[in-house]
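Down below is the structure, laid out as structure tokens.
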Amino acid sequence: MLAPGTSTCGFAVEAHEAIDELDADAFVMRHAASGARLLYLACDDENKAFAIAFKTPPADDTGTFHILEHSVLCGSKKFPVKEPFVDLIKSSMQTFLNAMTYPDKTVYPVASTNEQDLINLMDVYMDAVLNPAIWHKRAIFEQEGWHLELDVPEGGAPRDGSLRYNGVVFNEMKGALSDPLDVLDNAIMRELFPDTAYAFESGGNPRAIPSLTYEAFLDNHARHYNLPNSYIVLYGDFADVRRELAFLDERYLCDEARSDSASWRVPPEGSSSMPRHDGACSPNPLARQQPVVCELARERMATTPDNALAGMAYVLGDACDTKRIIAADVLFEALLGSNEAPVKKAIIAAGLGGNVLSYTSNACLQPYELIILQNAKPDAARAFRQTIEDECRALVDAGIPRDRLEAVISSNEYALRQRDYGTADGVVLACEALTTWLYDDDAATLALKAADIFSELREALAGDYFERLLSELVLESNHCALVELIPTLVDEDGAAGTEAASSDADRDEADATPASLEAAELAALKSSLSDDELEGVLRDVDELRAAQEAEDTPEAKATLPRLHVSDIGSVRQEPPLIVETRTPVPCLVHHLPTRRLAYALTYFDLSHVSYAELPYVKVLARLMQQLATKRRSASELDSYIASNLGFLSFTTEVFQQGNWRLARPVLLVSAGALSEKVDALADIPREVWAETRFEDTDRMRDVLTQLKIGMEQTFITAGHQAALARSLSYVSPAAVVSEQLGGVDFYRFLRDLVEHFDERKDDLVAKLRELQERIFTSSGTVVSFTGSEADLRRYWDAAGDLGLSPRIAPAKELYVPAPEPRREAFVIPSDVCYLAQATDPRALGIAIDGSWGVAANALSYDYLWNEIRVKGGAYGCGFRAVVDRQLAFYTYRDPAIDPSLERIARSGAWLGSFEPAPEAFEGFIVSSVSSHDAPVKPFALTKRRNAEYFSQRPVDFRDKVRSEMLSTTPERLRELGETVSRVAREAPRCVFGGREIIEASSADWNVVDLLG
């Protein structure tokens, strides 16, 4: 049907090949009339996917392509509604729906298990990118990009007000560039690729975004969002892919469709200053950078001293030299991937900083390796580079340890078989294909074929291939950069960042934060505006608000494709969970298809551990597999684990059972292995939990310092998660326990432990040994196994009794302090905030069922989206409803606190008067049930089923929730309005954010300098 040299539905088939590691057939095509490229990956996956991408190299820091990514999804010619993107989230069976801006491309992927739904999604996305409403609605650019607002005090004149910028992308990037790692990576790219598009911030720098004009915005769309510059991917199990190909041809790619698109892109009459394009315009160039060497560049940032960084980057070669790039990734993972990796170990031993990270950046024309020193000591950058290169030279001379290289290759081969990408496979593979296809039309599948390369690399272990590669990439590099990120904020003790200013003038410049620079710019702008111009700002905002608040017409809403409840299908059947009691400890058996993999999870009961000991349990879990055992050194253990297991982790979890005031914490040991290595799945975790030695306190200090740095990074980049957990702990005993095991309370414990490590290390060692003996016993322990029946037998044959005996140490009582509201606002170095209001419904006497899932869908993507994201400019927001667990509001990268609180307070009234059209309400049902039914990979499904078992959920729990969703009515949601108002009124609040934002709030906060 799709033989090379033939044509179908306007597409010429250029190539066909089987990709064994994906169990897929790849067909490369080109649309004859439009020039659009297409890659079809045919495979047996019901979770089908579609993506269209455009090559979009930036020419400045205004973020035009990031703003376009947002804006084109705000209505189009065929679908003239304000938010088709959100309408699809509310009404489709999508399993993925989003868009992403990369440094040189923009990708629009969708996925669904329903073929008609995928075609509907394709229709909306194709019309969005080719015929967006941006050409006729300037308000979209202002909403998603930037606009001016004037805050006038009550009773005051416009001249009395203060100007500010607002816009979704503007605020998103304020949050993104509050992350020191993001700032460092941008600085590295500027130094590595100064003469190319990669020197610019593709997401947009808030200092530059307001210089982007509407005219330039449209010009960039016309020059880049055209079919000769496009890349289309289809993935999955289609009944007959000619249906999808014919749809694309007839609706969007044929001559008539392209003619309609060109006419749509002409701005309205009277807009003579606007660009007019016929679709044949040249996109921005994407050139290779000639080799450059940056000996040392310094980047200043308004952040805390602990966020000092140094980054050393080496360009690896060309993106299409996939063997070299994959080999380099293996090489650097072997040298830097763990504390026992030789280069990372040397850097830590040199005492230059607190942690070392590294990653291979392959989403660009010339991939590079970035090695990062976190919590860097003053002036450590040059010594950091010297240490890297000295250790690499020694490894080239003496030889790289083969066990480390072999271990990394084995881990990659495990990942190839597992194929657990954390999201729809087709979406990930579409983006992966573009890492070569974007740069060479003949390389559409090049990035998808790794199995043979790993076989070649395994054979190369016998020679000096890796030593020669290391010498070329590091010791002989003529394309590299060293960058130091210097904090300029002052800590609690008055100590400046890592580079002190030498004069008052220098200090003023150093202390100029982005917020203060922006304030000065706006003050100058305001003084330059006349009173009439200030009035104009107010009028413009009123017009924008009117556009945002206007309802879509019934005719516009009718254009959207709709699914019906009848399209959902029946309940997805799962093999039953078997509770085997004839084994040495109870075993939860999951016979799930795993592609010849096996998973063993061991749950150790912590109900006998006192509340004060819980932080030590978290430390114990973190130190496991980082230290030597009785049989192996830490280095030997590290390589041994990676060679024989796909993964091994020690974590903690907390389950709530029937009585919500009780919590069951566990220490969970999770491991996965190839079926042929099931013996290791039993032996290695047992060696680690039973034989770990705690004598090496220097190594322990390093690990705990790294944990502390990682937590601080999470507070800055994902503060909404921390705020949700913290606010829930004000009412839920289980959340109080979770805070001790990994939240703010644990962070405070950890910070004190690290700061006073020398004084406390002996007591720490004693406590860890005692907990090791008390926790790793057979008392209350449960094992979970996922895999074939034969592998299950082999596992227990190897495991025996797991070396576990009943606990003989006296138990301690887990007494959990009563939760109490604290109204905490945690200060973090950020230009945005993360707000949460959360409660356990049972704390308020509220019983919730499946209808709350539909209510959460409506509140999140109808009311809150429009009020907090569209009008307020926050990057994200939502309402969560977890049956018998949580009711919560949250915002993400929010520019202010009080406006969001006010809008949350009105959410119940909105729901109480909710009167959706029948077809719109059916869409809420469809999307809610579809989300509930979304396919889950075996390991994630195992974790979910185990959690339901430990939480004592009824066997039919999920089916009952699903049935309640299906039977939800608009009347039922309106009944919930008063309860939502009560949650908004009574649920405790927590916020993580910048000091200026917190101080601007009129709410009564207990302000805490978390990282000071």
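Brief remarks follow.
- Out of 818, 825, 798, 809, sole residue that is part of a strand (DSSP E or B) and either touching a Lys or Arg at 6+ places or on another chain (Cβ under 8 Å) or of a type in the set (A, V, I, L, M) (or both): 825
Listed here are the residues, each with its yes/no results for (1) crowded, with 23+ Cβ neighbours inside 10 Å; (2) within 30 Å of residue 143 (Cα to Cα).
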| site | (1), (2) |
| --- | --- |
| 39 | yes, no |
| 42 | no, no |
| 61 | no, yes |
| 78 | no, yes |
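- Among the residues making up the stretch 835-890, those that are among the polar types (S, T, N, Q) and in a helix (DSSP H, G or I) are 851, 857, 860, 866.
- Restricting the first member to the stretch 979-996 and to residues that are within 11 Å of residue 908 (Cβ to Cβ), and the second to residues that are part of a loop (DSSP other than H, G, I, E, B), the beta-carbon pairs closer than 7 Å and six or more apart or on different chains are 979/846.
- Strands (runs of 3 or more DSSP E) wholly inside the stretch 552-621 that include at least 3 residues being surrounded by 16 or more Cβ atoms within 10 Å (Cβ to Cβ), modelled with pLDDT of 95 or more and not hydrophobic (A, V, I, L, M, F, W, C): 597-605
- Of the helices (runs of 4 or more DSSP H) contained entirely in the stretch 283-402, those carrying at least 3 residues that are touching a residue at least 12 places away in the same chain (Cβ under 8 Å) and farther than 21 Å from residue 450 by Cα fall at 342-349, 381-398.
- In the stretch 655-671, the count of residues that are among the polar types (S, T, N, Q), surrounded by fewer than 18 Cβ atoms within 10 Å (Cβ to Cβ) and modelled with pLDDT of 95 or more is zero.
- Test for residue 177: is it within 27 Å of residue 370 (Cα to Cα), outside the structural domain of residue 895 (by TED's automatic domain parsing) and not charged (D, E, K, R): yes
Each row is one residue, and each column tells you yes or no for (1) within 12 Å of residue 342 (Cβ to Cβ); (2) crowded, with 21+ Cβ neighbours inside 10 Å; (3) hydrophobic (A, V, I, L, M, F, W, C).
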| site | (1), (2), (3) |
| --- | --- |
| 359 | no, no, no |
| 364 | no, yes, yes |
| 370 | no, yes, yes |
| 375 | no, no, no |
| 382 | no, no, no |
| 386 | no, no, no |
| 389 | no, no, no |
| 399 | yes, no, no |
| 404 | yes, yes, no |
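- Residues within the stretch 12-41 that are among the aromatic types (Phe, Trp, Tyr) and touching a Gly at 6+ places or on another chain (Cβ under 7 Å), tallied: 0
- Filter result for residue 991 (under 25 Å from the mean Cα position of the chain (by Cα) and in a strand (DSSP E or B)): yes
- Some residue of the stretch 486-493 being of a type in the set (A, V, I, L, M, F, W, C), part of a strand (DSSP E or B) and at pLDDT 90 or above: yes
- Taken over the stretch 152-175, the criterion of being touching a strand residue (DSSP E or B) at 6+ places or on another chain (Cβ under 8 Å) and among the charged types (D, E, K, R) is satisfied by 164, 172, 174.
- Which listed residue is in contact with a Gly (Cβ under 9 Å, 6 or more places away or on another chain), crowded, with 19+ Cβ neighbours inside 10 Å and farther than 25 Å from residue 245 by Cβ, from 48, 90: 90
- Counted residues, the stretch 521-543 - those being surrounded by 12 or more Cβ atoms within 10 Å (Cβ to Cβ) and outside any helix (DSSP H, G or I): 1
- Which listed residue, of 106, 95, 64, is of a type in the set (Val, Ile, Thr), under 24 Å from residue 866 (Cα atoms) and under 19 Å from the mean Cα position of the chain (by Cα): 95
- Single condition residue 342 does not satisfy, out of (1) crowded, with 23+ Cβ neighbours inside 10 Å; (2) of a type outside the set (Gly, Ala, Ser); (3) within 30 Å of residue 628 (Cα to Cα): (1)
- For residue 920: the one exception among (1) assigned to a helix (DSSP H, G or I); (2) under 29 Å from residue 575 (Cβ atoms): (2)
- Filter result for residue 13 (touching a His at 6+ places or on another chain (Cβ under 8 Å), outside any helix (DSSP H, G or I) and hydrophobic (A, V, I, L, M, F, W, C)): no
- Close contacts from the stretch 671-699, counting a first residue that is farther than 19 Å from residue 783 by Cα and a second that is of a type in the set (Val, Ile, Thr), with Cβ to Cβ under 7 Å and a gap of 6+ residues or different chains, come to 691/629; 692/629; 693/629; 694/765; 697/765.
- Per this entry, residue 144 is counted among residues that are charged (D, E, K, R) and touching a Cys at 6+ places or on another chain (Cβ under 8 Å).
- Exactly one residue out of 914, 957 is assigned by TED's automatic domain parsing to the domain that holds residue 871, touching a helix residue (DSSP H, G or I) at 6+ places or on another chain (Cβ under 7 Å) and modelled with pLDDT under 95: that is 957.
- Hey, residue 398 farther than 30 Å from residue 350 by Cα and not assigned by TED's automatic domain parsing to the domain that holds residue 19 or not: no
- Sole exception among (1) at pLDDT below 95; (2) touching a strand residue (DSSP E or B) at 6+ places or on another chain (Cβ under 6 Å) for residue 792, by number: (1)
- Hey, residue 973 buried (at least 18 other Cβ atoms within 10 Å of the Cβ) and in a helix (DSSP H, G or I) or not: yes
The values are calculated or read from the model by the stated rules, or taken from the named source; none is laboratory data. All values derive from a computational prediction rather than experimental measurement. Positions of Cβ are backbone-derived with ideal geometry, glycine not excepted, and every protein chain shown enters the neighbour counts.
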